[in-house]
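Working notes, beginning with the structure itself.
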Amino acid sequence: MTFKFAHIADVHLGFEQYRLPYRSEEFKNAFETAIKKAVDEKVDFILISGDLFHRSNPSPQTIKEAIDILSIPKENDIPVFAIEGNHDRTQKKISVYHLLESLGLIYLIGFSEEKKENEYQITENVNGKLIVKGIFEKGNNSIEIYGMKYMSAAWFERNNLSDYFKPNGDAILMLHQGIKEIMDNLYLETQRDYFEISLKDLPDEFLYYAMGHIHKMWQTNKGYGIVAYPGSLQRWDFGDYEIRYRWDGNRFLQQSGCDKGFFIVEDFKPKFIKLNVRPFYDVKIKADENVVKSELKRLVNYIPSEAFLRINIEWEKPFDVSFLHDIFKVKYLHIRTKFGKHRTISTKGTTASEFFTPIELKIIERVGEKDFEEFDDIINLILEELNKPINIEKEKTEKNENLQKTELKLEENIKVQKTEENIKKITPNKKYTLLDWLK
């Protein structure tokens, strides 16, 4: 008797992509469609491999959406096993996942502070840690479901997965991690450094590794098992395109991206179920104004009106690109330009703090983080800075101190300059003594 289950990951409920509220609705619809398709397939159980939510503190509206959708498999007696991803995990004892679990909508897998013993969960003490694993029985057969929430690379420097996860029979391992070998073979613009482990770090003898975190569909082998990423249900950004056009100097070359969806797994063999989602088109051209206008006008008929479109234009001399809004009648248009020759300014002997204020350094650091997606944090940083009380006396003191430092430095430079001039006045052939130098 074989097991049949659905493998879903990276749902990101509540994500108002590009600050568009209707995108959150589309992310919800994709999840609902996936769950209904899984129920229609009469699966034994469902796996959600992390990032069910876009944030660890989802809005009440988003939580209600999750409850409504997860009630569908519950009403059909289909258990849902889940782990927390990097977007929705929390360091607190209780997360929104625990709320869903208390309602009987999911069964949370991984390290725990309390024992859980029921029809679908058992708890083991492994190396001094309590680990909750899933259990599903069908006829005389049973399968164990191991897993844990997202862990940073630092955790893997101190721990080995094999020390905690050792299957006794047929078993599945759920993880929300990036694998280096997959990142080396799968080109991802915005997730290129999203890996914490290698294939060799995965413990052996699991029949299926239900992965999450990487937003494109991918699968490979680990021993007799299959390592599978279903990818995100919706397109994450323009790097996760449906169609990409690249100008080669004579024509546009078309490149197809990955489909979006999830896996139905039977006898531990995944079958991809495609979802119809918002199309993302990405166009890049390096040419002068006349070529850009004529070639992009030809491309209009190949891009559907419901698409999200990004256009990248590069040339030596700047020109007006506002005409793009007139010719492309798409749902969302994002234009990026790069004009002129750029050169790097050498700043030898200087540090970033000499050029930027503390608040600017904070903003630069935040934007540089790989999980940066929205500008809410940046706005809050700026508002906090603006709301700080101004200490006029302190500012005056600091200005006076800086002025004194500048004057002292000028005086020192003048003295050095005069000394150098005096040294030059001494002729090399003249015999001089220490007194001459002192003068």
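The values are calculated or read from the model by the stated rules, or taken from the named source; none is laboratory data. These numbers were taken from a predicted model, which means no experiment stands behind them. Please note: Cβ atoms are built from the backbone with ideal geometry, for glycine as well, and neighbour counts cover all protein chains shown. Surface areas here come from the heavy atoms of the whole protein model, side chains and all, with no ligands, DNA or RNA. Shrake-Rupley method; radii C 1.70, N 1.55, O 1.52, S 1.80 Å.
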Q: Could you do me a favour and compute the accessible area per residue for region 292-341, 1.4 Å probe, result in Å²?
A: 61 Å²
Q: Can you tell me how much longer the chain between ASP40 and GLU314 gets when fully stretched, taken as 0.36 nm per residue apart minus their C-alpha distance, in nm with one decimal?
A: 93.8 nm
Q | Label-point separation in nm, ILE135 to ASP77, each point 7 Å along Cα→Cβ | A | 1.9 nm
Q.
Given a 1.4 angstrom probe, what's the average accessible area per residue across region 192-251, in square angstrom?
A. 40 Å²
Q.
Computing the accessible area with a 1.4 Å probe over protein heavy atoms, can you report the carbon and sulfur percentage for region 97-217?
A. 43 percent
Q.
Suppose R0 equals 35 Å. What FRET efficiency, 1/(1 + (r/R0)^6) with r the Cβ-Cβ distance, do ARG298 and THR220 give to the nearest 0.05?
A. 0.30
Q. So, in nm, how far is label LYS284 from label GLN254 when the simple model puts each one 7 Å beyond its Cα toward the Cβ?
A. 1.9 nm
**Q.** Those residues of region 147-181 whose amide nitrogen sits under 13 Å from the label point placed on ASP204, 7 Å along Cα→Cβ
**A.** 162, 167
Q | Cα centroid separation, region 18-93 to region 196-226 (Å) | A | 22 Å
Q. Taking the Cβ of LEU202 as the center, what net charge do the other residues with Cβ under 14 Å away carry, scoring Lys and Arg +1 and Asp and Glu -1?
A. -2
Q: Can you pull the one-decimal nm distance between simple spin-label points at ALA154 and ILE94, each 7 Å off the Cα toward Cβ?
A: 2.7 nm
**Q.** In range of the label at LYS271: residues from region 22-64 whose backbone nitrogen is under 11 Å from the point 7 Å along Cα→Cβ
**A.** 41-42
Q: Compute the normalised compactness of region 1-129: alpha-carbon radius of gyration over 2.2 N^0.38 Å, N being the residue count.
A: 1.07
Q. Rounded to two decimals, what is Rg over Rh for region 4-70 when you use alpha-carbon atoms and the Kirkwood radius?
A. 0.99
Q) Are any of the pairs LYS37/LYS180; LYS260/LYS331; LYS297/LYS331; LYS37/LYS166; LYS4/LYS274 more than 22 Å apart by Cα-Cα distance, and if so, which? A) LYS37/LYS180; LYS37/LYS166
Q: Leaving out ligands and nucleic acids, note down the accessible area per residue over region 45-149 with a 1.4 angstrom probe, in whole Å².
A: 46 Å²
